[in-house]
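Notes for the one structure printed next.
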Amino acid sequence: MSDSAAESVPVLIAGGSLVGLSASVFLGRLGVKHLLVERHAETSIHPRGRGNNIRTMELFRTAGVEPDIRRAASALAGNDGVLQTDMLASDEQRWIIPRIDPDATLSTITPSGWCLCSQNDLEPVLLKYARGQGGDIRFGTELTSYTEDADGIHAQLHNRETGESRSVHAQYLIAADGPRSPVRGTLDITHSGPGTLFHNVSVTFRSKNLKNVVGDRRFVVCYITNPDGEGALLPVDNDEQWVFHVPWAYDRGETLEAFTDQRLTAHIRAAAGDPDVDVEITGKAPWHAANRVADSYGRGRVFLAGDSAHEMPPTGAFGSNTGIQDAHNLAWKMAAVLQGWAGPGLLDTYQPERRSVALATTLRASQQAVEEQHPGYTAAASRNNDPADLLTVALCYRYASDAVLGSDPTAEVVPREFALGGALGSRAPHMWVERNGKRISTLDLHEKSLTLLSGAAGGPWRAAARAVAEALDVPLAAHLIGTAADCDLLPEPGVDWAQLHGTHDDGAVLVRPDGFVAWKSDGAEADPQQVLTDVVTKVLHRA
């Protein structure tokens, strides 16, 4: 097919798992037409990748998909914590992590919360929303090759069912095509990191009586230390559906075929501590835990996201979350460039922002595997070089790039202590406010435009923002927070917006569409319009 007859689309996404589908949702919300191709015929059928952290759920909230995700996750809504025991029937047990999220303070820091939703339940929800936003999603279709020139990406697609091949032209390519990414291979991009850490076989099974052994314990995962039943038990519905991760001596030549149904049944019964518990094996899938980060997050018009850019063990539930947040970071930047309100240089900030987060997060995930004594992982490590807890890693990471003015490139990507004070490059703080009689979070303001926040004394900032938005033809919303008659947002009693955002009432905070603080002023300026013009021009890399 000649290139003149090729389909044309602004963005091509290779890979339709959690990260690719999330990229489709985010791009669709921003009005960016795109095509997603996935080589498999349907969404995932295996319950894995279950933990969606607070930051990811905040992004899904803003995209309007959170309620349906929580409905899909309702069977596990009451499960929390990480348990360890020698066998399920034993009285000897300890909670490695009693609760994933804090209790009393959670509503003060986020409008959302942790959600346990297995990949096979989450992907269909994302697929529905992606298509509802206009995404062109094609399963059973794979990207076989591509070239890049000054005009963009010229890709060849293959329909695995019909055998048909066709050409597609795109401005940008997002490679969300997994840990063995063919796109990354084409670019010859190498990895850094320890590499493969351990191997497991994930076994799905049905058991009607195992729930009687589990009792009223509603854990996210239970680690079994009994050598005859070593592994990790994960409930799927707290009733009959379960998953068990069995250590796999892959490095010593053990084959997948060695994991017969008879062997797995005996192993699960030993883990339960009940030789008579019913076990019906329904599936098994091998997986390899690794710690790797790509040395480059793309080249030219091609960008890596998710497992193609980084791999990390499942402990801490960081892997898919980091990938989904990659997609969110990339989506607003692509939209801004494609729609003409940002310069192409804005996309150059994707790598320094997201790769630094991946390096910090893979380290923490590996340390979490040590702390949880994950079956199959015998490495020794200390937390001395990374004391941050799971919530700090999930919410408090910071960007230092040319899309954040005044950020400190030498500062730690993840602070050593939990802090949500509106620091430059950090996630903007959540606070409940009332707008037009409706209670919303300030995080709900950040998706489709830059946002300027100021206090009751910030009238000049709001006027300046409106003038800059018109002069530069940039989506820039401005809000005054306070109790005065001309304020747009009414804060709840006792909440000081300026203190929460690390500024003063006559200051201003500029928040990017992805909800990260791009710039702030501590007070009034003699010429706020000129100041804001310069700031927006630099943040968006406009010539």
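Summary of computed values
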read-out	value
Flag for Val125 being within 21 Å of Gln368 (Cβ to Cβ) and crowded, with 18+ Cβ neighbours inside 10 Å	no
Condition met for Ser426 (touching a residue at least 60 places away in the same chain (Cβ under 8 Å) and either open to solvent by 50 Å² or more (accessible area, probe 1.4 Å) or among the hydroxyl-bearing types (Ser, Thr, Tyr) (or both))	yes
Within segment 82-132, considering residues that are in a loop (DSSP other than H, G, I, E, B) and over 24 Å from the mean Cα position of the chain (by Cα), the one modelled with the lowest pLDDT	Ala104
Test: residue in segment 276-299 that is farther than 27 Å from Ala89 by Cα, in contact with an Asp or Glu (Cβ under 6 Å, 6 or more places away or on another chain) and not in a strand (DSSP E or B)	no
Residue among Leu59, Leu21, Leu12 that alone is farther than 22 Å from Pro235 by Cα and part of a strand (DSSP E or B)	Leu12
Hits in segment 300-321 - residues which are within 30 Å of Asp91 (Cα to Cα) and hydroxyl-bearing (Ser, Thr, Tyr)	Thr315
Residues (touching a His at 6+ places or on another chain (Cβ under 9 Å) and either at positive phi or aromatic (Phe, Trp, Tyr) (or both)) located in segment 173-218	Gly193, Phe198
Condition broken by Gly193, with the remaining ones in (1) at pLDDT below 95; (2) over 25 Å from Arg355 (Cα atoms); (3) small (Gly, Ala, Ser) satisfied	(2)
Options Gly316, Gly323; residue that is out of contact with any strand residue (DSSP E or B) (no Cβ under 7 Å at 6 or more places or on another chain) and either at positive phi or assigned to a strand (DSSP E or B) (or both)	Gly316
Filter result (buried (at least 16 other Cβ atoms within 10 Å of the Cβ) and either part of a helix (DSSP H, G or I) or among the hydroxyl-bearing types (Ser, Thr, Tyr) (or both)) within segment 62-81	Thr62, Glu66, Asp68, Ile69, Arg70, Ala72, Ala75, Leu76
In segment 128-145, residue most open to solvent (accessible area, probe 1.4 Å) [restricted to those that are polar (S, T, N, Q) and in contact with a His (Cβ under 8 Å, 6 or more places away or on another chain)]	Thr144
Count of residues meeting criterion [touching a residue at least 12 places away in the same chain (Cβ under 8 Å), hydrophobic (A, V, I, L, M, F, W, C) and within 23 Å of Leu443 (Cβ to Cβ)] in segment 469-483	6
Candidate set: segment 403-428, residues that are out of contact with any strand residue (DSSP E or B) (no Cβ under 9 Å at 6 or more places or on another chain) and not small (Gly, Ala, Ser); chosen: the one nearest to Pro513 (Cα to Cα)	Pro409
Segment 253-270: number of residues that are open to solvent by less than 60 Å² (accessible area, probe 1.4 Å), part of a helix (DSSP H, G or I) and not hydrophobic (A, V, I, L, M, F, W, C)	2
Pairs, first without any contact (Cβ under 8 Å) to a residue 24 or more places away in the chain in segment 221-250, second open to solvent by 10 Å² or more (accessible area, probe 1.4 Å), C-beta under 9 Å, six or more apart	Pro227/Ala270
Qualifying residues in segment 24-55 (those that are in contact with a Lys or Arg (Cβ under 9 Å, 6 or more places away or on another chain) and assigned to a strand (DSSP E or B)) - the one surrounded by the fewest Cβ atoms within 10 Å (Cβ to Cβ)	Leu35
Ala508 vs. criteria closer than 18 Å to Ala463 by Cβ and at pLDDT below 95	no
Residue satisfying all of: in segment 199-213; assigned to a strand (DSSP E or B) and open to solvent by 10 Å² or more (accessible area, probe 1.4 Å); modelled with the lowest pLDDT among these	His199
Pick from segment 234-252, criterion under 19 Å from Pro314 (Cα atoms) and in contact with a His (Cβ under 8 Å, 6 or more places away or on another chain), ranking: surrounded by the fewest Cβ atoms within 10 Å (Cβ to Cβ)	Ala249
Single residue of segment 335-359 satisfying the filter (touching a Leu at 6+ places or on another chain (Cβ under 7 Å) and closer than 22 Å to Ser24 by Cβ) that is surrounded by the most Cβ atoms within 10 Å (Cβ to Cβ)	Ala336
Residue match in segment 295-308 (condition: of a type in the set (D, E, K, R), within 13 Å of the chain's Cα centre (by Cα), open to solvent by 20 Å² or more (accessible area, probe 1.4 Å) and modelled with pLDDT of 95 or more)	yes
Residue in segment 385-394 that is open to solvent by 50 Å² or more (accessible area, probe 1.4 Å) and either within 20 Å of Leu233 (Cα to Cα) or at pLDDT below 75 (or both) present	yes
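Every residue, every condition in (1) within 30 Å of Asp237 (Cβ to Cβ); (2) over 21 Å from the mean Cα position of the chain (by Cα); (3) without any contact (Cβ under 8 Å) to a residue 24 or more places away in the chain, yes or no:
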| site | (1), (2), (3) |
| --- | --- |
| Ser167 | no, yes, no |
| Leu173 | no, no, no |
| Gly178 | yes, no, no |
| Asn209 | yes, yes, no |
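The values are calculated or read from the model by the stated rules, or taken from the named source; none is laboratory data. Please read all numbers here as calculations on a predicted model, not as lab measurements. Neighbour counts are summed over all protein chains in view; Cβ atoms, including those assigned to glycine, are modelled from backbone coordinates with ideal geometry. Surface accessibility is based on the protein's heavy atoms, side chains included, excluding ligands, DNA and RNA. Shrake-Rupley method; radii C 1.70, N 1.55, O 1.52, S 1.80 Å.
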